[in-house]
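The values are calculated or read from the model by the stated rules, or taken from the named source; none is laboratory data. Predicted model, so just to flag it, every value in this text is computed and none were measured. When we count neighbours, we look across all protein chains shown, and the Cβ atoms used for this are built from the backbone with ideal geometry, even at glycine. Please note that ligands, DNA and RNA were not included when accessible areas were found on the heavy atoms of the full protein model with its side chains. Shrake-Rupley method; radii C 1.70, N 1.55, O 1.52, S 1.80 Å.
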Amino acid sequence: EYSVKLRYDGGASYYSVDVGLCHLIVLNTYDTNSEMVETVDKNGLRRIISLQQKFLEDDLVKVDRKVTPFLIVFMHGPFYNSNEAHHNEVATKSMKEWVEPILYRHKVDVVFAGHVHAYERNYGVKFERASVNSTIFITVGDGGNHELLYPHWLYPTPTYSAYRSGKHYGHGELEIFNKTHIRWVWKPNGEDLTDEPATLDSAWIQPLHLRESFTDKSLLSLSNFTLVFFFLLSIAAAMVITSFCTWKTSHRQAFDVIGEQDEFINVSNYANYDSYGNTEPLNDTSATMT
């Protein structure tokens, strides 16, 4: 039953490990009613928190982003889920209350979850709102189950939901390219397992501490700057066109005065530009792209 608080004290149900350029943390969404402990922070503030929360906070403090620039969390129940199934479960919501602020404070890059037998990738999300420089949440629970797929979604689609599908069984692949970029792809299983499955969704992910320089505020400023730039550019273009038309008219009149034939180039014959910037007549097969 997922709609009650649960206690799971046995075994290593939450842990962390370094793999290459990534620091991976696994959390237990069903350990919501475990033993509580008292802690004292650097400012002398005393708190009563769960053992899992203490583990998470202690672990994140020790992460060196110069060594492991990517910080990735795995859990079973998704914090952000727009599927009708497993929506707003008590156990997951209870954990989300204390985990989500910690994720943002320590700039966790991406969170992967399952549980929902479908696929959904969200943009950066911060407390229910889409945000450029926030943790990305991905649900990839379409590996297969006797309960079949969950194809029914909530509408309207949340603004932070980038792509969702409950039509295919599939899997995801995460490839680490370097210290600044990883690529995530989602591939449904093909009818014939010998065929290479097609990619239906993909995203490049940067470490959150690098995305920080492109905040929502700077995005707004950039948008305003872009609008002003293109406004000024359009005025300049209009002035150039006007000057050219004036020049063309004056030269045409000059040709008429001296009785010579106007021999301006027929631009329509050169309307076919190839991918290399060459301008060949339309009847020239070398300018045709295949």
(message) I'm checking my understanding of the structure. Among residues of segment 38-84 that are in contact with a Gly (Cβ under 9 Å, 6 or more places away or on another chain) and over 19 Å from Asp18 (Cα atoms), which one is most open to solvent (accessible area, probe 1.4 Å)?
(response) His76
(request) Determine, yes or no, whether His87 is surrounded by 15 or more Cβ atoms within 10 Å (Cβ to Cβ), of a type outside the set (A, V, I, L, M, F, W, C) and either over 24 Å from Asp18 (Cβ atoms) or touching a helix residue (DSSP H, G or I) at 6+ places or on another chain (Cβ under 9 Å) (or both). (result) no
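What's the total number of residues in segment 127-143 that are assigned to a loop (DSSP other than H, G, I, E, B) and touching a strand residue (DSSP E or B) at 6+ places or on another chain (Cβ under 8 Å)?
Of the residues in segment 127-143, the ones assigned to a loop (DSSP other than H, G, I, E, B) are 127-128, 131-135, 141-143.
Next, from what is left, pick out any that are touching a strand residue (DSSP E or B) at 6+ places or on another chain (Cβ under 8 Å): 131-135, 141-143.
Residues in segment 127-143 being assigned to a loop (DSSP other than H, G, I, E, B) and touching a strand residue (DSSP E or B) at 6+ places or on another chain (Cβ under 8 Å): 8 in total.
Specify which of the listed residues (Ile72, Ile49) is in contact with an Asp or Glu (Cβ under 7 Å, 6 or more places away or on another chain), in a strand (DSSP E or B) and among the β-branched types (Val, Ile, Thr). Don't jump to the end; show me each part of the working.
On the way: Ile49 fails: in contact with an Asp or Glu (Cβ under 7 Å, 6 or more places away or on another chain).
It is Ile72.
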(message) Please go through (1) of a type outside the set (Val, Ile, Thr); (2) closer than 26 Å to Tyr14 by Cβ; (3) part of a loop (DSSP other than H, G, I, E, B); (4) open to solvent by 60 Å² or more (accessible area, probe 1.4 Å) for Glu97 and return the number of the only condition it doesn't satisfy.
(response) (3)
(message) Being assigned to a helix (DSSP H, G or I) and surrounded by 13 or more Cβ atoms within 10 Å (Cβ to Cβ): is that true of Leu103 here?
(response) yes
